[in-house]
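Engineer: Dropping the structure in here first, questions after.
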Amino acid sequence: MTWHVTDHDEPVPRLVGEDGQTSIALVGQAWIVGRGPECDVRIDHPDVSRRHARLSLRDDGLWVEDLGSKNGTTVDGVRVTEPTLAPPRARISFGGPTYVLHHPAAEVTRMLADAGEPTVTRMAPGAVESPSSGGGLAIPAAIAILLGIVLATLLW
């Protein structure tokens, strides 16, 4: 099993029970949630199916997918019928038990975006020019010129 109860200081996504007593660290990239012994995140509750839902951590956040469970899965009260992106602090219910998603990296990214700051979750391959392509030398050259101006001013 890859789930465990943790303290609240880990910088990984967590599902925190509504009672605040249970914290499940989501270590890795994907998890099956359910009652079954083969599940990565085991929730021993009669309303939770043996293989209830799949959670997947992607560049844009945590995705929730119901696996045909009897009592359904919801994100913020909306029944999951297709893979659904769970926003930071989303309430995720697996049949009956409900957890709040704590995702530190997504929360910081959301706060920066809400404040109008640019954010990057992953660079596309080839997005940064190499110095050998010619365009990549502009920034180092500008820095060298600025340093030269600062030094000249200080020494004058």
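The values are calculated or read from the model by the stated rules, or taken from the named source; none is laboratory data. As the structure is a computational prediction, the values presented were derived from the model and not from experiment. With ideal geometry, Cβ positions are generated from the backbone for all residues, glycine too; neighbour counts draw on all protein chains shown. Areas reflect the complete protein model, heavy atoms only, side chains present, ligands, DNA and RNA absent. Shrake-Rupley method; radii C 1.70, N 1.55, O 1.52, S 1.80 Å.
Engineer: Going by the conditions given, is Ser56 polar (S, T, N, Q) and more than 15 Å from the chain's Cα centre (by Cα)? Give the derivation first.
Structural biologist: Details: polar (S, T, N, Q): yes; more than 15 Å from the chain's Cα centre (by Cα): no.
Against the criterion (polar (S, T, N, Q) and more than 15 Å from the chain's Cα centre (by Cα)), Ser56 does not qualify.
Engineer: Of the conditions (1) assigned to a loop (DSSP other than H, G, I, E, B); (2) within 22 Å of Gly20 (Cα to Cα); (3) in contact (Cβ under 8 Å) with a residue 24 or more places away in the chain, Val100 satisfies every one except a single condition; which number is it?
Structural biologist: (1)
Engineer: Then there is this: Mind listing just one residue for me: the one in segment 75-93 that is open to solvent by 30 Å² or more (accessible area, probe 1.4 Å) and closer than 18 Å to Thr22 by Cβ and, of those, modelled with the highest pLDDT?
Structural biologist: Per the criteria, the residue is Arg91.
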